[in-house]
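**Q** Mind looking over this structure? Questions follow.
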Amino acid sequence: MVAGQKKRDQPWLMRTYSGHSSAKASNTLYRTNLAKGQTGLSVAFDLPTQTGYDADNVLARGEVGKVGVPISHIEDMDQLFDQIPLDQMNTAMTINATAPWLLALYIGLAQRRGIDPKKLSGTTQNDIIKEYLSRGTYIYPPGPSMRLIADTINYTITHVPKWNPTNICSYHLQEAGATPVQELAYALCTAMAVLDRVKATGVITPDQFPQVVERISFFVNAGIRFVEECCKLRAFGEMWDEMTLNRYQVADPKLRRFRYGVQVNSLGLTEPQPENNVQRIVLEMLAVVLSKGARARAIQLPAWNEAMGLPRPWDQQWALRIQQVMAFETDLLEYADILDGSPVIAAKVSELIEGARTEIANVEAQGGIVAAIESGYIKRELVGSHMNRLRAIESGDLKIIGVNCFQETAESPLTLGSDGSIMKTNPAAEREQIERLQAHRKSRNDAEVRAALQGLADAAKSDENIMPSSIRCAMAGVTTGEWGDSLRAVFGEFRPPTGIDISIDSREVLGKKDQVTELRTRVANTGTALGRPLKLLVGKPGLDGHSNGAEQVAVKARDVGFEVVYDGIRLTPQQIAQAAQEEGVHMVGLSILSGSHMELVEAVLQEMRTRDLATVPVIAGGIIPQEDAEKLLSQGVHAIYTPKDFSLNIIMADMVDVIRECNGLERLGLLQ
């Protein structure tokens, strides 16, 4: 034994965010990770599951099993947690619009295994607000969506009391460009909207309400500016304590604790020199562990290669080992809060709190966060903040090692493997999931399914809590798409503002101004040569809701003189090609980050050809491996852009040259 060894605090829950291809494959991965010392599960679901579609829906084409595990019914859930004791596992599920359904499947599975749901512990993210702003897996309008969140809270507080029914998620706000002040303000506004909605239902008694507050957890982001990020988390704690005491009269300080999990920043991970991402991840983790009073309860780290594609099991092991070294080899957990008493830290925390209070007041003046989403205010603010960040990278004011400075490098041995240093999903996963789904439909009792779906619709049309009828649906064998469609028929669907209508001229111009001037001249002159202004269609095919890149391309294109057509996310290839035809565009730009680029781009090209639009150039951007990029270029795509292409000015110049070349004009070449 080491002499004088100090008593150590317990470490945080250690997770990796994972799921892919099928429930069986994901279960194997989970049990492998648990055997390596992971202490909790964090389930990634595929996009059809997140948006309430079955695997054989037309919108699910190419998306099944790509960014997570497909869960179509309770048998899939049973396979996912095979040999995993639900009453002993802390399970986090990144699920939002369909959160009541996935929770119902989990509860139904527990009941089927003879486990009391009161023994279940874990979290459903269940934060629809940020889906409207950044991640894009919303289905229903804000009113019904907030009702579903309230229903899960009201149900779990009694029936699954150890569960965190909602996880206010500021992580994706930062990924969408939020500053620390905006992340604080919008997350706390979301929490207020949720708690106010729960209180307004009248279901929870005043004596129970402090327990509701206790079960509200958060999921935050932590970027490379780890001192400021650590201060942000201390600010979160102070503001949450103050809000829950003064606004909600929660007297017990233990129930007012700011409880949060974290995945550190993925926005800052780079494709060039990806080995640098390891030190970025470690430094970002410091923000959430250094301050004992603001330490994360659960941590999941991205893998070093996530800007390139899907991490392999070994990459996830590396991310887990980073956590374990921090927790078990360093002396971090032997000390009280090492930042207490620092005047520098205190001043920065106060500055962030003051800024957040001002922005909260701006949101409250509009009628709260739901009204500010419906008006487009918050989306415009986030798009503007993200635009400023990208302009700072272009100008060199914000330095990214290996991207806009220190670009000279030896070849990395990490990227030399035959697998391209990423995991490739099973190409047969979608077909096999559809086959299992169709077999499941044939095996169930149709009368029980119809009765359960009728009960669900009746509950949705009334004030009845949606959870009991959802659990009945789960036990009857209802599918994810049937649950989603049943509620679509009652609630309708929603498309929020895109946020690209920000006024460029009203903001400080960042980036290389001489290049912007030259670009505007090139766009104008090319339009004149072709007889009308250049028009660009920016399209998001499939179910991928990560629209940040598409929005920034659209904003930049408008800034340099393009007319831009952008109708938001979740479009079919047919809709994109039809819009290209009706709008008479000079170019179609596709943004796909879900890994479904091969299937969806091919489908768009085919739809373009059937409309005699083969001469209209199609370009694509996203996390696209080099091997796939070469295949797409050979199929007729004119240009591919990936995270290494950080300069929007250079991208715009190339787009103009592609249009010129496709119309018999000479290319203009590189910008000066």
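The values are calculated or read from the model by the stated rules, or taken from the named source; none is laboratory data. Values in this document were obtained by computation on a predicted structure and should not be read as measured data. As a convention, Cβ positions derive from the backbone with ideal geometry for all residues, glycine included, and neighbour counts pool all protein chains shown. In case anyone asks, the SASA skips ligands and DNA or RNA and just uses the protein heavy atoms, side chains included. Shrake-Rupley method; radii C 1.70, N 1.55, O 1.52, S 1.80 Å.
**Q** Please enumerate the residues belonging to segment 92-133 that are outside any helix (DSSP H, G or I), charged (D, E, K, R) and closer than 25 Å to residue 457 by Cα. Quick ask: steps written out before the conclusion?
**A** Residues of segment 92-133 outside any helix (DSSP H, G or I): 92-98, 113-116, 120-127.
This time we only want the ones that are charged (D, E, K, R), so: 113, 116, 127.
Selection gives 127 alone.
**Q** Could you go through segment 368-390 and let me know if any residue there is more than 25 Å from the chain's Cα centre (by Cα) and more than 30 Å from residue 269 (Cβ to Cβ).
**A** Within segment 368-390, not a single residue is more than 25 Å from the chain's Cα centre (by Cα) and more than 30 Å from residue 269 (Cβ to Cβ).
**Q** Something else now. Give the number of residues within segment 247-272 that are of a type in the set (A, V, I, L, M, F, W, C), open to solvent by 10 Å² or more (accessible area, probe 1.4 Å) and within 20 Å of residue 123 (Cα to Cα). Break it down into steps so the answer makes sense when it comes.
**A** Quick first cut of segment 247-272, residues of a type in the set (A, V, I, L, M, F, W, C) only: 250-251, 255, 258, 262, 264, 267, 269.
So of that shortlist, the ones also open to solvent by 10 Å² or more (accessible area, probe 1.4 Å) come out as 251, 255, 258, 267, 269.
The next check asks that each one be within 20 Å of residue 123 (Cα to Cα); those that pass are 255, 258.
The number of residues fulfilling the criteria is 2.
**Q** Then there's this: How many residues does segment 617-651 hold that are aliphatic (A, V, I, L, M) and in contact (Cβ under 8 Å) with a residue 40 or more places away in the chain? Break it down into steps so the answer makes sense when it comes.
**A** Of all residues in segment 617-651, those aliphatic (A, V, I, L, M) come to 618-620, 623-624, 629, 632-633, 637, 639-640, 648, 650-651.
Next, from what is left, pick out any that are in contact (Cβ under 8 Å) with a residue 40 or more places away in the chain: 623, 648, 651.
Number of matching residues: 3.
**Q** If you don't mind, there's one more thing I want to ask. Is there a residue in segment 300-310 that is more than 19 Å from the chain's Cα centre (by Cα) and either more than 23 Å from residue 399 (Cβ to Cβ) or surrounded by 21 or more Cβ atoms within 10 Å (Cβ to Cβ) (or both)?
**A** no
**Q** Which of the residues spanning segment 184-219 are surrounded by 16 or more Cβ atoms within 10 Å (Cβ to Cβ) and outside any helix (DSSP H, G or I)?
**A** Correct list: 203, 204, 216, 217, 218, 219.
**Q** If you don't mind, there's one more thing I want to ask. Please go through segment 369-384 and pick out each residue that is of a type outside the set (Asp, Glu) and open to solvent by 20 Å² or more (accessible area, probe 1.4 Å). Show your work before the answer.
**A** Let us first name the residues in segment 369-384 that are of a type outside the set (Asp, Glu), namely 369-373, 375-380, 382-384.
370, 371, 375, 377, 380 - these are the residues of segment 369-384 that are of a type outside the set (Asp, Glu) and open to solvent by 20 Å² or more (accessible area, probe 1.4 Å).
**Q** What helices (runs of 4 or more DSSP H), lying completely within segment 506-623, carry at least 2 residues that are in contact with a Leu (Cβ under 8 Å, 6 or more places away or on another chain) and under 25 Å from residue 380 (Cα atoms)?
**A** Details: elements: 513-530, 548-559, 573-583, 597-610.
Fully inside segment 506-623 and qualifying: 513-530, 548-559, 573-583.
**Q** What are the pairs with Cβ atoms under 6 angstrom where one residue, in segment 195-218, is free of Cβ contacts under 8 Å to residues at least 60 places away in the same chain and the other, located anywhere, is surrounded by fewer than 19 Cβ atoms within 10 Å (Cβ to Cβ) and part of a helix (DSSP H, G or I)? Sequence gap at least six, or different chains.
**A** Cβ pairs passing all conditions: 210/255; 213/255; 214/255.
**Q** Run residue 315 past the list (1) modelled with pLDDT under 95; (2) acidic (Asp, Glu); (3) open to solvent by 40 Å² or more (accessible area, probe 1.4 Å) and report the number of the one that doesn't hold.
**A** It fails just one condition, (3).
**Q** Among the residues that make up segment 226-246, is at least one of them farther than 24 Å from residue 347 by Cβ and either out of contact with any strand residue (DSSP E or B) (no Cβ under 8 Å at 6 or more places or on another chain) or surrounded by fewer than 21 Cβ atoms within 10 Å (Cβ to Cβ) (or both)?
**A** Of all residues in segment 226-246, those farther than 24 Å from residue 347 by Cβ come to 244.
Those left that are additionally either out of contact with any strand residue (DSSP E or B) (no Cβ under 8 Å at 6 or more places or on another chain) or surrounded by fewer than 21 Cβ atoms within 10 Å (Cβ to Cβ) (or both): 244.
Checked against the condition, which is being farther than 24 Å from residue 347 by Cβ and either out of contact with any strand residue (DSSP E or B) (no Cβ under 8 Å at 6 or more places or on another chain) or surrounded by fewer than 21 Cβ atoms within 10 Å (Cβ to Cβ) (or both), segment 226-246 yields at least one hit.
**Q** Hey, can you tell me all the residues within segment 1-38 that are hydrophobic (A, V, I, L, M, F, W, C), at pLDDT below 90 and open to solvent by less than 10 Å² (accessible area, probe 1.4 Å)? Talk me through it step by step, then tell me what you get.
**A** Going through segment 1-38, the residues hydrophobic (A, V, I, L, M, F, W, C) turn out to be 1-3, 12-14, 23, 25, 29, 34-35.
Applying the additional criterion that residues be at pLDDT below 90 yields 1-3.
Selection gives nothing.
**Q** Give me the pairs, please: first residue somewhere in segment 344-361 and open to solvent by 20 Å² or more (accessible area, probe 1.4 Å), second residue anywhere and of a type in the set (S, T, N, Q), beta-carbon distance under 8 Å, and either six or more positions apart or on two chains.
**A** Taking only residues 6 or more apart or on different chains, the pairs are 359/182.
**Q** Shifting gears a bit: Hey, can you tell me all the residues within segment 652-672 that are aliphatic (A, V, I, L, M), surrounded by fewer than 20 Cβ atoms within 10 Å (Cβ to Cβ) and in contact with a helix residue (DSSP H, G or I) (Cβ under 8 Å, 6 or more places away or on another chain)? Step through it out loud before you land on a result.
**A** Initial filter on segment 652-672 (aliphatic (A, V, I, L, M)): 652-653, 655-656, 658-659, 665, 668, 670-671.
Next, only the ones that are surrounded by fewer than 20 Cβ atoms within 10 Å (Cβ to Cβ) stay: 658, 665, 668, 670-671.
Hits for segment 652-672 are 665, 668, 670, 671.
**Q** So which residues in segment 273-290 are surrounded by fewer than 21 Cβ atoms within 10 Å (Cβ to Cβ) and either touching a Ser or Thr at 6+ places or on another chain (Cβ under 6 Å) or not in a helix (DSSP H, G or I) (or both), if there are any at all?
**A** 273, 275, 290
**Q** Working only within segment 39-56, note down all residues that are open to solvent by less than 10 Å² (accessible area, probe 1.4 Å) and either farther than 21 Å from residue 436 by Cα or out of contact with any Ser or Thr (no Cβ under 8 Å at 6 or more places or on another chain) (or both).
**A** Selection gives 40, 41, 42, 46.
**Q** When segment 220-237 is examined, which residues are found to be of a type in the set (A, V, I, L, M), part of a helix (DSSP H, G or I) and more than 10 Å from residue 287 (Cα to Cα)?
**A** Let us first name the residues in segment 220-237 that are of a type in the set (A, V, I, L, M), namely 220, 222, 224, 227, 233, 235.
Now drop any that are not part of a helix (DSSP H, G or I), which leaves 227, 233, 235.
Matches in segment 220-237: 235 only.
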